[in-house]
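J.: Would you mind keeping the following structure in view while I ask a few things?
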Amino acid sequence: MKPRVGGEIVYFLVVAMSLLLRISQGVGVDDALGVDMSVLFTLAVQLLIFGLLPVLGWWMVMRTGANSTFRTLPRVFCLSKCHSRDFGRTLLMTVPILLLVGVAASAWQNFIYLTGFETGSSAPSEQTAAALLAEVALSAVLPGIFEEFVHRGMLSTTFRDSGGKFIFVSALLFALMHQNILQFAHTFVLGLILACIVYCTGSVFPAMFVHFFNNFISVVSGYDGVVPAFGVIGTVRGWLYGSVAGVVVLIILAAVSVAVIFLLLRAMRFDAVREGRLPSAPFFRSAAGAIPLSRDILLLGTVAVGVAATLFSLVWGYL
């Protein structure tokens, strides 16, 4: 079986299992059992669905081909060493990415709320060191590793014959995977940048770090009761988004962030082409004989499932 088909089958199973778990949580299985399933849900999604399932699934569907042994799995999931030069460039991008993703999230969510969308209130986080460490592990460490493992690792190999089009596919599937309309815009933006990093470096490790950093800042900003210094994040964010001067500064910073990210990615691609790791051909040229994305039934089916789940979350917010 070709990697394109095999990878798409495995990813469809990942999406289907994730959706089934969300449905079970939504219909109140945890209430029926009398237990809090939130932690178990996160562990199941990250460790089993985004971790174990892709590995075993890939091995099983590809076991008759060239990618049939466990020895080849690190290459399949892009678990290769990243050049220190490129990792340094990635570090320079972390804050600009964080700012750009935050702008995308704020703009999109404000637009959705203006249409009458509402969300239920959630209980405030427990302000303890143990709760902080647990949330960092569940919301930053695990997603940073396993969501990148699948969306930038396995999907990079799956859509390698599509060239740079993998970047768009990875970002779209990553955004739809969250199955939440409020998260769509900023996860798509984050997915685009992370896919560019992996495409240019050939390694998923820089993307894992950026993903972790983005989620980590989001988590710790709500724990100023544990570490008062974390309150600075909320104060700065409040000024940037809540005052005229702050919005002006935010727009300037967003423009600078786009320029910094573009230039660093451009340098990564230049070195990859010079070293023979990427072709010098046009960025979005597919390999000869590759299935056009617009005719890829497996991909279109997976996208349809994600769109349906995401639109359901939108409709639910209007009820």
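The values are calculated or read from the model by the stated rules, or taken from the named source; none is laboratory data. What you see is a predicted model; the values in this text were computed from it and never measured. Cβ placement follows ideal geometry from the backbone for every residue including glycine, while neighbour counts extend to all protein chains displayed. With ligands, DNA and RNA removed, areas are computed over all heavy atoms of the protein, side chains included. Shrake-Rupley method; radii C 1.70, N 1.55, O 1.52, S 1.80 Å.
J.: Rounded if a/c is under 1.5, else prolate if a/b is larger than b/c, else oblate: which is segment 253-313, with a ≥ b ≥ c the root eigenvalues of its Cα gyration tensor? Walk me through the numbers on the way to the answer.
T.: Numbers: a/c = 4.09, a/b = 1.34, b/c = 3.04.
Oblate is the answer for segment 253-313, as a/c is 1.5 or above yet b/c matches or exceeds a/b.
J.: Could you work out the equivalent-ellipsoid semi-axes for segment 148-193, taking the square root of 5 times each eigenvalue of the Cα gyration tensor, largest first, in whole Å? Please report the intermediate quantities before stating the final value.
T.: Numbers: eigenvalues 72, 20, 11 Å².
Semi-axes, largest first: 19, 10, 8 Å.
J.: Same structure again: Could you give the nm distance between label points at ARG75 and TYR113, where each point is 7 Å from its Cα heading toward the beta carbon?
T.: Taking the two extended label points, one gets 5.0 nm.
J.: Still on this structure, please answer the following. Tell me the label-point distance for the pair ARG285, PHE12, using the 7 Å Cα-to-Cβ offset, in nm and rounded to one decimal.
T.: Going from the ARG285 label point to the PHE12 one covers 3.1 nm.
J.: Tell me the net charge near ARG4. Cut-off is 15 Å between Cβ atoms, ARG4 excluded, with +1 for each Lys or Arg and -1 for each Asp or Glu. Can you show the working numbers first?
T.: Details: positive: LYS2, ARG160, LYS165, ARG295; negative: GLU8, ASP161, ASP296.
Cβ neighbours under 15 Å give a net charge of +1.
J.: Once phi is turned into θ = phi - 60°, what whole-Hz ³J(HN,Hα) does the Karplus curve with 6.51, -1.76 and 1.60 give for every residue of segment 258-271, x standing for Gly and Pro?
T.: Karplus values, whole Hz, x for Gly and Pro: 4, 5, 4, 4, 4, 5, 5, 5, 4, 5, 4, 5, 4, 5.
J.: Would you calculate the convex hull of the Cα atoms in segment 107-246 and tell me its volume per residue in Å³?
T.: On the way: hull volume 19.1 nm³, N = 140.
With only Cα atoms used, segment 107-246 gives 136 Å³ per residue.
J.: Would you tally the net charge around PHE270, using a Cβ to Cβ cut-off of less than 14 Å, leaving PHE270 out, and scoring K and R as +1, D and E as -1? List each step's numbers first, then the result.
T.: On the way: positive: ARG85, ARG89, ARG266, ARG269, ARG274, ARG277; negative: ASP86, ASP271, GLU275.
With Lys, Arg at +1 and Asp, Glu at -1, the net is +3.
J.: Quick one: pull the percent of accessible area on segment 221-294 belonging to carbon and sulfur, 1.4 Å probe, ligands and nucleic acids left out.
T.: Numbers: 3370 of 4650 Å².
Roughly 72 percent of what the probe reaches on segment 221-294 is carbon or sulfur.
J.: Now a separate question. Within the chain, what's the longest stretch lacking GluC sites (Glu not before Pro) that sit in DSSP loops with no more than 14 other Cβ atoms inside 10 Å? Could you put the intermediate results ahead of the total?
T.: Values: sites that count: GLU118, GLU126, GLU275.
The answer is 127-274.
J.: Classify segment 191-319 from the C-alpha gyration tensor, please: rounded if a/c falls under 1.5, else prolate or oblate depending on whether a/b exceeds b/c. Could the numbers behind the result be given before it?
T.: Details: a/c = 2.21, a/b = 1.37, b/c = 1.61.
Oblate is the answer for segment 191-319, as a/c is 1.5 or above yet b/c matches or exceeds a/b.
J.: I want to verify a result. In a Gaussian network model of the chain, Cα cutoff 10 Å, which of these has the top mean-square fluctuation: MET60, MET154, MET268?
T.: Of MET60, MET154, MET268, the Gaussian network model singles out MET60 as fluctuating most.
J.: Taking R0 as 35 Å, what FRET efficiency do you get between LEU43 and TRP316 from their Cβ-Cβ distance, rounded to the nearest 0.05? Spell out each step's value before the answer.
T.: Details: r = 25 Å, r/R0 = 0.71.
Rounded to the nearest 0.05, the efficiency is 0.90.
J.: With n ≥ 4 as the cut-off for DSSP H runs, can you work out [θ] at 222 nm for the chain, using -39500 (n - 2.57) per run divided by the number of residues, rounded to the nearest 500?
T.: Working: 14 runs with 203 residues, N = 319.
Only helices count here, giving -20500 deg cm²/dmol.
J.: Oh, and also: Considering the Cα trace of segment 47-193, what is its radius of gyration and what is Dmax, both in angstroms?
T.: Cα-based Rg and Dmax for segment 47-193 come out at 18.0, 53 Å.
J.: Rolling a 1.4 angstrom probe over the protein heavy atoms, how many square angstrom per residue are accessible across segment 163-254?
T.: Values: 3420 Å² over 92 residues.
Per-residue accessible area for segment 163-254 comes out at 37 Å².
J.: Of the labelled options (i) 29, 50, 20, 2; (ii) 33, 59, 8, 0; (iii) 29, 60, 11, 0, which one gives P(r) over Cα pairs in 20 Å bins from 0, in percent as computed for this structure?
T.: Correct label is (iii).
J.: How large a share of the accessible area of segment 39-115, in percent, is made up of carbon and sulfur atoms when the probe is 1.4 Å and the other protein chains stay in place? Don't skip to the end; give the middle numbers.
T.: Numbers: 2930 of 4060 Å².
It is 72 percent, rounded to a whole number.
J.: Within segment 236-319, report the trypsin sites (Lys or Arg not before Pro) that DSSP leaves as loop and that have at most 15 other Cβ atoms within 10 Å.
T.: On the way: sites: ARG237, ARG266, ARG269, ARG274, ARG277, ARG285, ARG295; in loops: ARG277, ARG285.
Those that pass, being in a loop and sparsely packed, are ARG277, ARG285.
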